[in-house]
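These notes concern the structure reproduced below.
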Amino acid sequence: MIRVFDHYVPIRTLLEVGTDFLLMLLAAMSASAIIAFRPGLVSLGANWLQSLMPGLLFAAANLLLLSAFGAYQRDRTGSLRFLLVRALLAFLVGAVPLFLALVVFSATRHGALQFLGYAYLNLFLALALIRRPLLGIYAGRLWVHNVLIVGCGSDAASVAEDLRDRGVGSYHLVGFYPSNQEEPRASALPAPLLDASRSLPAVVEQHGINEIVVAVREQRGGVLPLRQLLDCRIVGVRVHSMATFSERLKGEVPLSSVKASWLIYGNGFAQGWWRTIIKRGFDIAVSLVLLLATWWIMALTALAILLEDGGPVLFRQERVGHFGRSFQVLKFRSMRTDAERDGIARWAQANDTRITRVGRFIRKTRIDELPQLLNVLRGEMSMVGPRPERPSFVEELTEQIPFYAVRHSVKPGLTGWAQVRFSYGASLADARRKLQFDLYYVKNNSLLLDLQIILETVRVVLFGEGAR
């Protein structure tokens, strides 16, 4: 993992993005060379500047679409089929806009159709024949890290499970090293239990360990070999607590192992005036663009709601925002007008009978959230941030979940890290899990993370992930 603007990005992802961009650029420039070919070989070098601009446009557009369609998710399968399906989606969505852009802005305007045809053919061949073998040669050397877990109890087993589910292709679990006061249970562990009679630095050197995860919650009374851990750290081996490793691996802050001191003394929580100005400018620009792009969708939605269930079209509801201040959130009405006639707030459930037919569709496609662009323009919300909850839910959740109020230190968002990483929350347990993602966002938010979340929101909307 590499920390980029406070956000953890896998080395694998950076290498894949860089490789794909170069392959896309070469595919496009090769297409220009094919079109310009004449008997006697016309040199590509003579016209490389002319082919560079459409090549950069082709590469940037397709890389953006691949990202939006989830080609670079941390927990994806990584199969060639998965990548090619995403590339096909990028072709279906991006071919027409790219053609129009080339016709208007590029010197390739007279051969735009042929250029795109050759470029996409070259790209699919490059992805199938070059990309995977090229990255596969260096995979083990560059991004697969050997991990040792200190501890052999339930917490250690939980870390191992996370590595199995989320660390495939990035981490290799070498084994478990018992702490001083744990009884080894080798039969219950998914990796070898290493010999505790040998020093930790010796074990690290023998197995080529790159990272150590300390999976022991109670660390007082000489439970951990602190001097040996320090010796490992001095020679460059990374040593993580469970909270830090989960933050890196899963993009969330685990409530079960986090302490107030870890949040207080750790990195993150950059909320300076410069970040505030940049984020506000970003919010205004993106919300205006989306309003211009979706006004016709909102008009059709309003008409459909009126035809099915009458007015009102918009639904106003009190939500808790920045620093705990309440505001009225705007949504297209998706439930019957008498959905909460008793005045009691309820979690939305799967197959909720209160939802209308139009409401079910606009919830699935997230169209019901579009009026909140006005909340963003008014400064009550941001494009990206924790989703705002109702006051009654906030009061309940604050009492039962530690650190819940921390999520109100930033503006609530139209979309958020929890929304693209977790399904719809409709219970106390779901709220706890969502908070783990919200804490990660609050702690590590940056413009880069905001852009990633917006791109991943496209995937969530297109594939209907997590909506109710």
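The values are calculated or read from the model by the stated rules, or taken from the named source; none is laboratory data. Fair warning: this is a prediction, and the values are worked out from it, not measured in the lab. Cβ: placed from backbone, ideal geometry, glycine included. Neighbour counts: every protein chain shown.
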Top-ranked residue of region 277-296 - restricted to ones that are closer than 26 Å to residue 390 by Cβ and out of contact with any strand residue (DSSP E or B) (no Cβ under 9 Å at 6 or more places or on another chain), ranked as surrounded by the most Cβ atoms within 10 Å (Cβ to Cβ): 291
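Here is a yes/no grid of residues against (1) in contact (Cβ under 8 Å) with a residue 60 or more places away in the chain; (2) farther than 27 Å from residue 382 by Cα:
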site: 190; (1), (2): no, yes
site: 197; (1), (2): no, yes
site: 215; (1), (2): yes, yes
site: 220; (1), (2): no, yes
site: 237; (1), (2): no, yes
site: 246; (1), (2): yes, no
site: 279; (1), (2): yes, no
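Kindly indicate the residue of region 196-224 that is part of a loop (DSSP other than H, G, I, E, B) and touching a strand residue (DSSP E or B) at 6+ places or on another chain (Cβ under 8 Å) and also farthest from residue 155 (Cα to Cα) among those meeting that condition.
Taking region 196-224 and keeping what is part of a loop (DSSP other than H, G, I, E, B), we get 196-199, 208-210, 215-224.
Of the ones still in play, those that are also touching a strand residue (DSSP E or B) at 6+ places or on another chain (Cβ under 8 Å) are 196, 208-210, 215-216, 224.
On the way: 196: 18, 208: 23, 209: 20, 210: 20, 215: 6, 216: 7, 224: 15 Å.
The qualifying residue farthest from residue 155 (Cα to Cα) is 208.
Looking only at region 378-404, count how many residues are over 26 Å from residue 290 (Cα atoms) and of a type in the set (Asp, Glu).
Filtering region 378-404 for residues over 26 Å from residue 290 (Cα atoms) gives 391-404.
After this cut, where a residue has to be of a type in the set (Asp, Glu) as well, the list is 395-396, 399.
Within region 378-404, residues that are over 26 Å from residue 290 (Cα atoms) and of a type in the set (Asp, Glu) number 3.
Can you tell me which of 58, 69, 82 is surrounded by 16 or more Cβ atoms within 10 Å (Cβ to Cβ) and either under 30 Å from residue 246 (Cβ atoms) or modelled with pLDDT under 80 (or both)?
Values: 58 fails: either under 30 Å from residue 246 (Cβ atoms) or modelled with pLDDT under 80 (or both); 82 fails: surrounded by 16 or more Cβ atoms within 10 Å (Cβ to Cβ).
None of the other options fit; the residue is 69.
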Of all residues in region 118-144, count the ones that are modelled with pLDDT of 85 or more and buried (at least 16 other Cβ atoms within 10 Å of the Cβ). 7
If you take the residues in region 247-264 that are aliphatic (A, V, I, L, M) and closer than 12 Å to residue 442 by Cα, which one is surrounded by the most Cβ atoms within 10 Å (Cβ to Cβ)? 253
Among 12, 3, which is the only one that is at pLDDT below 85, surrounded by fewer than 14 Cβ atoms within 10 Å (Cβ to Cβ) and not in a loop (DSSP other than H, G, I, E, B)? 3
Listing of strands (runs of 3 or more DSSP E) fully contained in region 314-424 that carry 3 or more residues being modelled with pLDDT of 90 or more and charged (D, E, K, R): 314-320
